[in-house]
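Here is the structure we will look at, set down as structure tokens.
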Amino acid sequence: MDSILYKEEKMAIEGVEIVKAAAFIGAGLAMGLGAIGPGVGEGMVAAKACEAIGRNPKEAGLLTRTMLVGQAVSESTGIYSLVIALLLLFVV
Amino acid sequence: MGELGKLHQLIIPFWGYNITLNLEVMVMTWIVFMVLIILGLFASRKREILPRPIQTLGELIVSMLYGLTEDALGKKLANTYGPLVCALFMFLLLSNWLGIIPHLEEPTKDLNTTLGLGVMGFIIAHYAGIKSKGFKAYISEYFQPIFFMMPLNLIGELAKIVSISFRLFGNIMGGSIIILVVSYLTYSVALPPFLYAFFGLFVGTIQAFVFTMLTIVYISVQVK
Amino acid sequence: MNVDVQTVVEVAAYVGGGLAMGFGAVGAAIGEGYTAARANLAISRNPDISGDIFKNMLVGQAVAESASIFALVIAILLLFVDVPVPSVLKAAALLAAGLSMGFGAIGSGVGSGYPGGEACFGIAKQPQIASQLTTNMLIGSAVCQTPAIFSMVVALMLMFIDFGAAPLQPTWAAYLGAGLSMGLAAIGSGYGGGLAAGASCEGISRQPKTAASVTTIMLVGQAVSQTPSIFGLLVSFILMFKSFPESTALSAAMALLAAGICMGFGGIGPGIGNGMAAEGAVRWVARNVEHAGDLMRIMLVGQAVSQSTAIYAMVVSLVLIFVV
């Protein structure tokens, strides 16, 4: 007897499909969880940059540049996640 | 509960595509326009040295908004963009408050209104940027800090439109849905007026202010 | 196992209701606890005005409670909703509604605790501006509740909109994805908005004259911090309202679920980060109000870069929905 989930059509659960499905879930998890770290880290950088400019407004240009460079380096793991996610979606 | 999705729409077929006009939203928008035009006419008609209440109200609002614009843009540009800011804020404020009157609903409840205002703000900001910096400097900004960040910068700019419009839409529509559901649950006893005060007046004011302030800030970021 | 559709729908509704209330209770409790802790410190510092501080604490806790009240409303609706046309699709939608509201209330609840606590402490330091601090606390907390409001909207839509003839596969995954996308993304934004509001109350208590600038930059900073939750809302809407062609392939369903997971988790970090940036800016505007313009600019630049991972997550989500 079929239960409700299999009433109309069985889900096509073959090997290839499971691999593809797993690849999609992997891509989602990779980008999703991978966005947490850089988000928090870059936010901390921005917060301290605001404090620094608040303490010393004359150096605003130098402080902004330092902040951007620091954030770009923090971004690197986020970009790694993006690359893995795109690889999982399109290449695997 | 079925009223959640019902809209009166006027669908005009136009060379294979359908132009859909949401009639309720347009009527509400025109009501807001009427009120604003009448208020504006009354407030500026006969300017006396000892002003009457409506003129005082108008002066208060205009001076406050011009002050905000000057803080962000500097005196010269504030004269150019001040009227836009005032119009935007007054329109949004009255639109968000319109829901309190029975049988009327807020035009900002429709994504078309907020998205239209967001796109308008975006176009104005970028036009101001191009005009003040020149086309080359404007384009080269997209390639900072590294050359291949261009698509990401571009998507970031588009994301600004999405965020500013959806924030207003989500807040106003969410407020009206919450009022609807809670009124249904409590049989419209006791609680709904406080909800109207909170979601309609309070949140409406704050969101109108935030939308206006963000538009000013986007213009100032492009112009600097 | 031979289960009929009505049972599946009821199971999903009850599990969803449990999740909604369970997770929804976490945030507000933590936030209100923080408020009470700071209020105690404040009273110990200045026992004479304990009455004012106590009143302020209760008001602040009431606003922090509102996120949980939204969750309670959704949970009650889920327990007693009457589904005229039961289907497994509706079951997925009800479960997703519970997830959306449950997760969405966490961030706003914790976040709203910060302005309440800082306002209480500020009253102890500067009793004469108590009403100004209360006003600022209310404004900050109210804006901080916005992600929870978005979550509630998505939950209500999932419960009450009749999705009609959508095919079961893969749309069940689309609804679960919609709920996760909105719910998880709201955590970060709620928490971040609360950080900014707390800093504004602290700043005003230090320098009452700068109240207008501080409130302005707090509102702008909070508005930008909410952007990840707005991306989550957008992806939720797309997942709910786009019609997907029927496909029994597991990969199609998992792609949609993955889109929701991606945007959901992806909104947490940038939301918190943007909130920290806003907190830093607000705190220093209070100390250095002449350079408020510079501080606002660097806050926006920093927040824009910090949001880029949220944008990546949204791009990957949209790719999963539209391209795959």
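The values are calculated or read from the model by the stated rules, or taken from the named source; none is laboratory data. The model shown is predicted, which means the values in this text are computed figures rather than measured ones. Every residue, glycine as well, gets a Cβ built from its backbone with ideal geometry; the counts of neighbours run over all protein chains shown. Please note that ligands, DNA and RNA were not included when accessible areas were found on the heavy atoms of the full protein model with its side chains. Shrake-Rupley method; radii C 1.70, N 1.55, O 1.52, S 1.80 Å.
Results, tabulated for the structure shown:
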| quantity | calculated |
| --- | --- |
| Matching residues, the range A:55-92, being of a type in the set (Gly, Ala, Ser) and crowded, with 21+ Cβ neighbours inside 10 Å | A:Ser74, A:Gly78, A:Ser81, A:Ala85 |
| Unique match (being modelled with pLDDT under 90, open to solvent by 20 Å² or more (accessible area, probe 1.4 Å) and closer than 22 Å to C:Leu138 by Cβ) among C:Ile106, C:Ile69, C:Ile76, C:Ile43 | C:Ile69 |
| Enumeration of residues in the range A:1-33 that are of a type in the set (D, E, K, R) and modelled with pLDDT under 55 | A:Asp2, A:Lys7, A:Glu8, A:Glu9, A:Lys10 |
| Index of the failed condition, C:Ile217 passing every other in (1) open to solvent by less than 20 Å² (accessible area, probe 1.4 Å); (2) away from chain B (no Cβ under 14 Å); (3) not polar (S, T, N, Q) | (2) |
| Pairs with Cβ under 9 Å, 6+ apart, first in the range B:12-39 and within 14 Å of B:Pro107 (Cα to Cα), second part of a helix (DSSP H, G or I) and open to solvent by 90 Å² or more (accessible area, probe 1.4 Å) | B:Asn22/B:Asn112; B:Val25/B:Asn112 |
| Residue ranges of helices (runs of 4 or more DSSP H) in the range C:228-324 with at least 2 members facing another protein chain (nearest Cβ under 8 Å) and among the charged types (D, E, K, R) | C:268-287, C:292-306 |
| Tally, over the range C:98-154, of residues that are within 9 Å of the chain's Cα centre (by Cα), polar (S, T, N, Q) and either away from chain B (no Cβ under 12 Å) or not in a helix (DSSP H, G or I) (or both) | 2 |
| Residue match in the range B:51-58 (condition: open to solvent by 70 Å² or more (accessible area, probe 1.4 Å), under 30 Å from C:Val214 (Cβ atoms) and without any contact (Cβ under 8 Å) to a residue 60 or more places away in the chain) | yes |
| Pair list, Cβ under 6 Å, 6 or more apart: the range B:98-115 residue in contact (Cβ under 8 Å) with a residue 12 or more places away in the chain, other residue open to solvent by 70 Å² or more (accessible area, probe 1.4 Å) | B:Ile100/B:Tyr196 |
| Filter result for the condition that a residue is modelled with pLDDT of 90 or more, within 22 Å of C:Met296 (Cβ to Cβ), aliphatic (A, V, I, L, M) and open to solvent by less than 60 Å² (accessible area, probe 1.4 Å), over B:Leu117, B:Leu94 | B:Leu117 |
| Any hit, the range B:128-146, residues being closer than 20 Å to C:Val153 by Cα, assigned to a helix (DSSP H, G or I), among the basic types (Lys, Arg) and open to solvent by less than 70 Å² (accessible area, probe 1.4 Å) | no |
| Matching option when the condition is part of a helix (DSSP H, G or I), more than 21 Å from C:Gly267 (Cβ to Cβ) and touching a helix residue (DSSP H, G or I) at 6+ places or on another chain (Cβ under 6 Å), among A:Gly78, A:Gly70 | A:Gly70 |
| Only one of C:Asp52, C:Asp48 that is surrounded by fewer than 16 Cβ atoms within 10 Å (Cβ to Cβ), over 27 Å from the mean Cα position of the chain (by Cα) and closer than 21 Å to C:Ala130 by Cα | C:Asp48 |
| Qualifying residues in the range B:176-217 (those that are more than 7 Å from chain C (Cβ to nearest Cβ) and touching a Phe, Trp or Tyr at 6+ places or on another chain (Cβ under 7 Å)) - the one nearest to C:Ala304 (Cα to Cα) | B:Thr212 |
